[in-house]
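Read the structure below first, then the notes.
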Amino acid sequence: MAKTPRMTLQTQLVVRALLESPAKARYGLELSQAAGLPTGTIHPILARLENTGWLESFWEDQSEIEKTDPPRPRRRYYRFAPSGAESARVALAAAYQGGATSARLRPADSLGS
């Protein structure tokens, strides 16, 4: 597995959002809303997490899109790789122990308040 990514505040928020349901595949906009960050911030973080081996991604099946009304673009889904969730938990815990950014973290549902 590649090295641990830099655990910026934004990366921590994305990791926390993914860890809410570690086995669930989620798409970018869904993660954006859960983390309280714009999609332009989310996607580079997801790419870095995928490059570390923590995440794997896949495109939504075309048959799922055909069921939607109105039609929409295909979604790219992200989920933890087999050991990715544990690696993310360890890195997140280390970031919290550092204390530099953890005091500013708050639940995603409070970001809109």
**Prompt:** HN-Hα J couplings of region 43-59 from phi, Karplus 6.51/-1.76/1.60, θ = phi - 60°, integer Hz, Gly and Pro as x?
**Reply:** 5, x, 5, 4, 5, 5, 5, 5, 5, 6, x, 6, 10, 10, 10, 7, 8
**Asked** Per the 1.4 Å probe, what fraction of the accessible area of region 6-103, in percent, lies on carbon and sulfur atoms?
**Response** 53 percent
**Prompt:** Around residue 81, which amide H atoms from residues at least 5 apart in sequence, or from another chain, sit under 5 Å from its own amide H, with H modelled in the peptide plane?
**Reply:** 55, 56
**Interchain or long-range residues, amide H under 5 Å from residue 27's placed H** = 78
**Asked** From the Cα gyration tensor of region 1-101, with a ≥ b ≥ c the square roots of its eigenvalues, which class applies: rounded if a/c is under 1.5, or else prolate if a/b is larger than b/c, or else oblate?
**Response** prolate
**Message:** Show me the ranking of peptides 5-15, 68-78, 84-94 by mean Cβ neighbours inside 10 Å, starting with the highest.
**Reply:** 5-15, 84-94, 68-78
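The values are calculated or read from the model by the stated rules, or taken from the named source; none is laboratory data. Worth saying up front: this structure is predicted, and the values here are computed from it rather than measured. For neighbour counting, all protein chains shown are included, and Cβ atoms are generated from backbone atoms with ideal geometry for every residue, glycine included. Keep in mind that these areas ignore ligands, DNA and RNA; they rest on the heavy atoms of the full protein, side chains included. Shrake-Rupley method; radii C 1.70, N 1.55, O 1.52, S 1.80 Å.
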